[in-house]
1. Six or more apart or on different chains, Cβ atoms under 8 Å: show the pairs whose first residue is in the range 135-157 and surrounded by 15 or more Cβ atoms within 10 Å (Cβ to Cβ) and whose second is assigned to a loop (DSSP other than H, G, I, E, B) and of a type in the set (Gly, Ala, Ser).
2. Filtering the range 113-131 down to residues that are closer than 20 Å to residue 172 by Cβ and at pLDDT below 85, which residue is farthest from the chain's Cα centre (by Cα)?
3. Of all residues in the range 12-66, which are at pLDDT 75 or above and assigned to a helix (DSSP H, G or I)?
4. Considering only the range 190-201, I want to know if a residue exists there that is assigned to a loop (DSSP other than H, G, I, E, B), modelled with pLDDT of 85 or more, over 20 Å from residue 263 (Cβ atoms) and not charged (D, E, K, R).
5. Picking from 322, 328, which residue would you name as being at pLDDT 85 or above and of a type in the set (Gly, Ala, Ser)?
6. Only one of (1) within 30 Å of residue 232 (Cα to Cα); (2) modelled with pLDDT of 70 or more; (3) surrounded by 13 or more Cβ atoms within 10 Å (Cβ to Cβ) fails for residue 160. Which number is that?
7. Please tell me if residue 148 is under 18 Å from residue 335 (Cα atoms) and not hydroxyl-bearing (Ser, Thr, Tyr).
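The values are calculated or read from the model by the stated rules, or taken from the named source; none is laboratory data. Since this is a predicted model, take the numbers as computed values, not measurements. Cβ placement follows ideal geometry from the backbone for every residue including glycine, while neighbour counts extend to all protein chains displayed.
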Amino acid sequence: MSQEKNTSPTKLCPVCGTRLNESATRCLVCGTELDQKAETKKSPEVRAKRLPEITLSLPAALGILALFLTLGAVVIFLVINSGNGPEIAEIVPEVGTPTASPTETATATITLTPTQAPTWTPLPPIDYLVRPGDSCAGIAAVFNVSVQSIILENNLSANCDLYEDQPLLIPQPTPTASPQPTATLSDAEKTEVACETINYTVQANDTLSSIANTYNVLMVTIREYNGLPSDTVYEGQNLVIPLCLRRPTAGPTPTPTQLPPYPGPNLLLPADGASFISATDVITLQWAAVGALETNEAYAVTITDLTSEDKWTVTEYVRDTSFIIPQSFMPTDGRPHIFRWSVYIVRQIGGDENNGENWEIAGNRSDDRVFAWFGTTTNP
């Protein structure tokens with residue numbers, strides 16, 4: 001027996017889309033009042049032109065609603081339990097809201113300007129009235145400036161003619177850093193500098209004893225000088241032979257081997273071109289030691305007065321690395337004198353050590369230095 005098909009006319013609810021009987025006046029799902037007459041009056045063509053409608057059954061609508069509620073609950077749970085709520089809000093933006101692209105932050109570049117070296121500001125000149133007996137050279141020596149600078153500052157003639165009570169402007173010298181004295185060598189360094197050595201490469205069949213006999217140096221000396229743990233040497237080994245530590249020459253009257261010439265001492269103070277204007281100044285000449293001197297060796301200090309008429313020269317012998325200029329050398333003619341000095345090593349060959357003829361030169365001469373000494377007008 002076949003089942004009859006229901007061909008009764010139906011209509012759709014305009015709110016929820018539920019299919020209803022054509023004669024229904026109220027939607028059974030959403031409760032919307034239906035205008036039966038208005039719907040009936042519409043022609044079939046008008047009703048056919050309506051937009052297509054999507055219809056959902058009640059279980060499907062409830063399932064979609066439950067899905068949205070579940071998603072919302074999950075998002076709220078993540079926001080509450082996360083310690084960084086704003087970051088989650090950025091990761092899960094709202095639907096339909098455009099996400100702003102991150103803005104690049106410009107990094108500032110810092111340019112370091114090198115510090116310029118300090119420059120000296122010229123000092124103002126000093127006012128000075130010419131006194132009886134003054135000269136440009138004397139005034140220049142007193143103020144530690146050059147005669148040419150006084151001439152240029154005051155527009156004087158080339159002869160620098162002065163008269164009593166003449167006002168002068170004395171330029172002040174630009175301060176300069178004092179030279180630092182060279183460090184004095186230690187005793188070990190002095191010995192190493194003064195000792196003559198040669199390099200030797202060990203040959204086949206060489207022994208430390210044969211090498212020591214060849215250069216007349218003790219085996220223990222070669223071993224200690226080269227830091228050898230034993231007397232064993234091998235072919236191709238480099239050794240330093242200290243000739244300055246050779247044994248005395250065999251014979252009835254052995255004489256020690258003379259040391260090689262010493263290098264020229266390095267002068268320290270006073271600086272080259274220094275000036276001394278006070279009668280109470282103590283001028284001390286200083287230099288660096290060149291090594292440990294023998295008992296018959298000393299430093300020869302040569303001092304020459306270049307300004308005196310006879311340009312006298314004095315040589316003094318000291319074992320220290322300094323010498324104090326005697327007050328008897330101080331000029332007494334009221335004008336500055338220029339002194340030149342140098343130092344070298346000498347060795348006594350016999351007789352009285354104060355006699356210059358009993359000393360021989362044992363090293364190179366140092367560089368020459370000069371200094372100016374104004375002194376006084378009376379004999380100290």
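1. 138/334; 140/146; 151/157; 151/158
2. Once the filter is applied, the top-ranked residue is 123.
3. 58, 59, 60, 61, 62, 63, 64, 65, 66
4. Checking the range 190-201: not a single residue is assigned to a loop (DSSP other than H, G, I, E, B), modelled with pLDDT of 85 or more, over 20 Å from residue 263 (Cβ atoms) and not charged (D, E, K, R).
5. One residue alone meets the criteria, 322.
6. (1)
7. yes
Here's the yes/no breakdown for (1) at pLDDT below 85; (2) over 47 Å from the mean Cα position of the chain (by Cα):
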position	(1), (2)
211	no, yes
220	no, no
239	no, no
256	yes, yes
259	yes, no
262	yes, no
274	no, no
290	yes, no
